[in-house]
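Notes to accompany the following structure.
The values are calculated or read from the model by the stated rules, or taken from the named source; none is laboratory data. Not measured: the values here are computed from a predicted model. Here Cβ is always computed from backbone atoms with ideal geometry, including for glycine, and neighbour counts include all displayed protein chains.
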Amino acid sequence: MSKPRRPAAGPVSHGPGPGARPGDGRAAFSAANSNTRILGPRSFVLPTPAARQAADAGAAPANLGLNSERQRHAMVQRLRAQGITDERVLAAMMAVPRHVFVDQGLASRAYDDAALPIGYGQTISQPWVVAHMIEAMVRGRTPQKVLEIGAGCGYQAAVLAQFIPVVHAVERVRGLYELASKHLKSLALPGRVHLSYGDGMAGLARHAPFEGIVVAAAGVKIPEVLFDQLAVGARLIAPEGSTHQRLMLIERTGPESWQRTELESVRFVPLRPGTQA
Ligand code: SAH
């Protein structure tokens, strides 16, 4: 019997979408309010180069540094309340200083449960989305080597590297690839992050198979080539769609079989082909 190349339709579990009950801990992550919300220029004012220099010289980050552990602790408590239960993921979220990954002008908002602009029209993902995607990818297993597509400023790669020994991360915008390299080099991470500049829609065949793949940008369809780069038994988690996006979980159940599960409504920046110099 010939096996489907595409993941077969699997059980569909609808998570909170636009109609989620108010008061449901996760309702806040419906489409209207979800991570990777694309924020308009009026939402935030990025600092001028002079202000950035002053901040880099120490003033703002030093103040935040004193508080950041407490803020991260509060963030982790919030993640628990929002349904994240995997202690590896919670510990990783506690360990990574998210304020290092955002522009210093936004550092005071670094631990809000919000996506924030990182330049080039892109965003750092909302903490809940980062934790939720990683939790879904690693549930019941400990991957040794994973792939992240859409590294952005490098935050999620740093979280992954807290308990996954080898993390490959791909970014298509050169400026962000450089920013992520700078951020990741500034931290002592338990695992190794191999960052590449390129089009993640092709995956990273030379390092495949991966024991998990996480995609941080939404394609109208998830690129099928990624399914082949999953190890048998491994999971890929990715948003899919354009106006209406859903988080999809794809599990490779055999050499030629995949199971597809639909999770909640989300809003991510688009997955784009090619690279941007
Ligand atoms: N993982 C990031 C999220 C960054 S936003 C975090 O930790 O916050 C998603 C990123 O995906 C953007 O930086 C965007 O440039 C990138 N992206 C979009 N299409 C891509 C592609 N085909 N290959 C690699 N990166 C891509």
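Which of the residues spanning the stretch 216-245 are part of a strand (DSSP E or B) and surrounded by fewer than 20 Cβ atoms within 10 Å (Cβ to Cβ)?
Once the filter is applied, which keeps residues that are part of a strand (DSSP E or B) and surrounded by fewer than 20 Cβ atoms within 10 Å (Cβ to Cβ), the stretch 216-245 yields Ala231, Val232, Gly233.
Search the stretch 90-103 for residues that are part of a loop (DSSP other than H, G, I, E, B) and pair each with any residue that is modelled with pLDDT under 95 when their beta-carbon atoms are under 7 Å apart and the residues are at least 6 apart or on different chains.
Pro97/Ser68; Asp103/Leu46; Asp103/Pro47
Residue under question is Gly212, and the condition is that it be without any contact (Cβ under 8 Å) to a residue 60 or more places away in the chain and more than 12 Å from the ligand (Cβ to nearest atom); does it hold?
The answer is no for Gly212.
Looking at Gly274, is it surrounded by 15 or more Cβ atoms within 10 Å (Cβ to Cβ) and either under 17 Å from Leu204 (Cβ atoms) or within 16 Å of the ligand (Cβ to nearest atom) (or both)?
No.
Rundown of residues vs (1) of a type in the set (S, T, N, Q); (2) surrounded by fewer than 17 Cβ atoms within 10 Å (Cβ to Cβ); (3) farther than 23 Å from Pro270 by Cα; (4) within 12 Å of the ligand (Cβ to nearest atom), yes/no style:
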residue: Glu87; (1), (2), (3), (4): no, yes, yes, no
residue: Ala91; (1), (2), (3), (4): no, yes, yes, no
residue: Asp103; (1), (2), (3), (4): no, no, no, no
residue: Tyr111; (1), (2), (3), (4): no, no, yes, no
residue: Gly119; (1), (2), (3), (4): no, yes, no, yes
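Looking only at the stretch 246-277, which residues are assigned to a loop (DSSP other than H, G, I, E, B) and farther than 24 Å from Gly152 by Cβ?
Pro255, Glu256
Counting only residues that are among the basic types (Lys, Arg) and under 18 Å from the mean Cα position of the chain (by Cα), how many does the stretch 251-277 have? Spell out how you get there, then give the answer.
Within the stretch 251-277, the first condition is being among the basic types (Lys, Arg), and the residues that meet it are 252, 260, 267, 272.
Keeping just the survivors that are under 18 Å from the mean Cα position of the chain (by Cα) gives 267, 272.
So the count comes out to 2.
Could you check the stretch 86-116 and list, in sequence order, the residues that are under 16 Å from Val159 (Cβ atoms) and of a type outside the set (A, V, I, L, M)?
Result: Asp86, Glu87, Arg88, Pro97, Arg98, His99, Phe101, Tyr111, Asp113.
All but one of (1) more than 10 Å from the chain's Cα centre (by Cα); (2) β-branched (Val, Ile, Thr); (3) near the ligand (Cβ under 10 Å from one of its atoms) hold for Val129; state the number of the condition that does not hold.
(1)
Which of the residues belonging to the stretch 222-243 are away from the ligand (no atom under 16 Å from the Cβ) and either charged (D, E, K, R) or out of contact with any Pro (no Cβ under 9 Å at 6 or more places or on another chain) (or both)?
Across the stretch 222-243, the qualifying residues are Asp228, Gly233, Arg235, Thr243.
Looking at the structure I just gave you, is Glu171 without any contact (Cβ under 8 Å) to a residue 24 or more places away in the chain and out of contact with any Asp or Glu (no Cβ under 6 Å at 6 or more places or on another chain)?
no
Could you give every pair whose Cβ atoms fall below 7 Å, whose first residue belongs to the stretch 180-205 and is at pLDDT 95 or above, and whose second residue is outside any helix (DSSP H, G or I) and hydroxyl-bearing (Ser, Thr, Tyr), counting only separations of at least 6 or pairs across chains?
Matching pairs, first to second residue: Tyr197/Thr275; Gly198/Thr275; Asp199/Thr275; Leu204/Ser196.
Can you name every residue in the stretch 210-239 that is under 14 Å from the mean Cα position of the chain (by Cα) and not aliphatic (A, V, I, L, M)?
Hits for the stretch 210-239 are Gly212, Pro239.
Within the stretch 118-160, count every residue that is of a type in the set (Phe, Trp, Tyr) and touching a Leu at 6+ places or on another chain (Cβ under 9 Å).
Count: 2.
Would you be able to say whether some residue in the stretch 141-159 is over 19 Å from His194 (Cα atoms), away from the ligand (no atom under 13 Å from the Cβ) and surrounded by fewer than 21 Cβ atoms within 10 Å (Cβ to Cβ)?
Narrowing the stretch 141-159 to residues over 19 Å from His194 (Cα atoms): 141.
After this cut, where a residue has to be away from the ligand (no atom under 13 Å from the Cβ) as well, the list is 141.
Filter once more, keeping what is surrounded by fewer than 21 Cβ atoms within 10 Å (Cβ to Cβ): 141.
Yes: the stretch 141-159 contains one or more residues that are over 19 Å from His194 (Cα atoms), away from the ligand (no atom under 13 Å from the Cβ) and surrounded by fewer than 21 Cβ atoms within 10 Å (Cβ to Cβ).
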